[in-house]
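Chemist: Got a structure for you, written out below as structure tokens; questions coming shortly.
The values are calculated or read from the model by the stated rules, or taken from the named source; none is laboratory data. Predicted model, so just to flag it, every value in this text is computed and none were measured. Because the Cβ atoms are built from the backbone with ideal geometry, glycine has one as well, and the counts that use them run over all protein chains shown. These accessible areas exclude ligands, DNA and RNA; they are computed on the full protein's heavy atoms, side chains included. Shrake-Rupley method; radii C 1.70, N 1.55, O 1.52, S 1.80 Å.
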Amino acid sequence: MAERVPEGVDTSRPSIARVYDAVLGGEHNFPVDRAIAEEALRIVPEIRDVGRYNRAVLGRGVRYLAQAGIRQFLDLGSGLPTVRNTHQAAGDAAPGCRVVYVDNDPAVSAYGREILAADPLTALLTADLREPGTVLDHPVVRRLIDFDEPVGLMLLGVIHHLNDDEDPAGIVRTYVDALPRGSHLFLTHFCASGPDAAELERAMLSDLGTGRFRTLEEITAYFDGCELVSPGVTYLPQWRPDEPVGLPLTVGQRLMAGGIARKP
Ligand code: SAM
């Protein structure tokens, strides 16, 4: 349970970041968030594992990017700090990596700044990713990200929080267009993989107002214009797993999909 309420945090309404934190078993959430997490747990009892699959693929993907030579990361919709954040995964793979976290939730800034305060190679920006111009030109971003060098653009578990009328594909394209060749897009997304996903989508759209489950084809289309790295867009546990993954996949294992692509 959260012990104190940081400035700007409204505990009467659920927030995406705090619901995700509750799903992951974190402590930065409130009853209104936990009610949605519990409803999600009722629909998909494996829901906690889904958050873990997403955090696990974050680690594998960032390691891949660092090994591919990426030394700077723009992590949009970065979420509340939890185990193994992007700067830790990147730093373990290649010392000296720079990371800018961007999130529009005041709870993320409140808790995140404490964690990052002492690290000159990371920064946290409170901004809305639906305003790419504001994000890309922000002094915090410009201080750590060199737009003449390849960038790892991370959109993990966030584009499904943009509704169809907000032009999610256009927003992704605007960011990719702003990056130099050799940059990579790393994106994960709720996947419309069956009836449980459809029920969870209905509950999220009704209780939280966002949470679009898109098909594998729709998710793949976000990477248009870039070269998908092997194995392409897959369900998360199947993206370059460290250990073999048993088949058939469970409902929870098929609830999110994603991949990485290189800008040619
Ligand atoms: N990227 C992390 C991960 O994959 O583990 C966190 C994902 S969490 C489910 C989604 C995050 O996106 C939340 O922290 C939420 O506040 C943030 N978010 C949602 N809409 C956003 C927007 N328009 N601009 C910036 N951040 C946003």
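Chemist: Residues with beta-carbon under 11 Å from that of Leu236, excluding Leu236: net charge, scoring Lys, Arg +1 and Asp, Glu -1?
Modeler: Numbers: positive: Arg52, Arg55, Arg60, Arg240, Arg254; negative: Asp49.
So the environment of Leu236 carries a net charge of +4.
Chemist: Rounded if a/c is under 1.5, else prolate if a/b is larger than b/c, else oblate: which is the range 201-264, with a ≥ b ≥ c the root eigenvalues of its Cα gyration tensor? Please list the in-between numbers first.
Modeler: Values: a/c = 2.96, a/b = 1.23, b/c = 2.41.
Cα axes put the range 201-264 in the oblate bin.
Chemist: Quote the charge dipole size of the chain about the Cα centre in Debye, to the nearest 20; the model charges only the Cβ of Lys and Arg (+1) and of Asp and Glu (-1). Intermediate values should be presented prior to the final figure.
Modeler: Values: 26 positive and 37 negative charges, 139 e Å.
The dipole of the chain has a size of about 660 debye.
Chemist: What is the distance in Å between the Cα centroid of the range 181-211 and that of the range 1-50?
Modeler: 17 Å
Chemist: In addition: Divide, for the range 101-200, the radius of gyration over alpha carbons by 2.2 N^0.38 Å, where N is the residue count. Present the calculation step by step, with values, prior to reporting the outcome.
Modeler: Working: Rg = 15.2 Å, N = 100, 2.2 N^0.38 = 12.7 Å.
Compactness ratio reported: 1.20.
Chemist: In nm, give the distance between the simple-model label positions of Arg42 and Val83, each being 7 Å from the Cα along the Cα-to-Cβ direction.
Modeler: It is 2.8 nm.
Chemist: Using only alpha carbon pairs under 8 Å that are at least six residues apart, calculate the relative contact order of the chain and give it in whole percent.
Modeler: Details: 482 pairs, mean separation 49.0, N = 264.
Once normalised by length, the contact order is 19 percent.
Chemist: Accessible area per residue, 1.4 Å probe, Å², for the chain: what's the number?
Modeler: Values: 11670 Å² over 264 residues.
Averaged over the residues of the chain, the accessible area is 44 Å².
Chemist: Given the protein chains as shown and a 1.4 Å probe, how many square angstrom of Arg48 are accessible, to the nearest 10?
Modeler: 90 Å²
Chemist: The range 127-166 to the range 58-119: how many Å between their Cα centroids?
Modeler: One Cα centre to the other: 13 Å.
Chemist: Sticking with this structure for a sec: Run through all the Cα pairs of the range 1-129 and give the fraction in each 5 Å bin from 0, expressed as whole percent.
Modeler: Spelled out bin by bin, the range 1-129 gives 2, 11, 20, 21, 19, 14, 8, 4, 1 percent.
Chemist: Further, regarding this structure: Let a ≥ b ≥ c be the square roots of the eigenvalues of the Cα gyration tensor of the range 123-264; is it rounded (a/c under 1.5), or, if not, prolate (a/b larger than b/c) or oblate?
Modeler: Values: a/c = 2.16, a/b = 1.36, b/c = 1.59.
Oblate shape, in that a/c is at least 1.5 and b/c is the bigger or equal ratio.
Chemist: Given the options Val44, Val229, Val23, state which has the largest fluctuation in a GNM of the chain using a 10 Å cut-off (strictly under) for Cα springs.
Modeler: Residue with maximal mean-square fluctuation among Val44, Val229, Val23: Val229.
Chemist: Could you state how much accessible area His138 has, in square angstrom rounded to the nearest 10, with a 1.4 Å probe and all protein chains kept in place?
Modeler: 60 Å²
Chemist: Let me ask something else about it. Leaving ligands, DNA and RNA out of it, rank Ile115, Ile260 by accessible area with a 1.4 Å probe, largest first.
Modeler: Values: Ile115 95, Ile260 0 Å².
Largest accessible area first, the list is Ile115, Ile260.
Chemist: Accessible area of the range 93-178 with a 1.4 Å probe: how many percent of it is carbon plus sulfur?
Modeler: Working: 1860 of 3690 Å².
Within the range 93-178, the accessible surface is 50 percent carbon and sulfur.
Chemist: To check my understanding: the extent here is largest minus smallest coordinate of the Cα atoms along each principal axis. What are those three numbers for the chain, in Å, largest first?
Modeler: Sorted from largest, the Cα extents of the chain read 47, 44, 37 Å.
Chemist: In a Gaussian network model over the chain where Cα atoms closer than 10 Å are linked, find which of Asp164, Asp196, Asp128 has the largest mean-square fluctuation.
Modeler: Judging by the Gaussian network model, the answer is Asp164.
Chemist: With a 1.4 Å probe and every protein chain kept in, tell me what percent of the accessible surface of the range 183-229 is carbon plus sulfur.
Modeler: Details: 970 of 1870 Å².
Taking all protein chains in place, the range 183-229 shows 52 percent carbon and sulfur surface.
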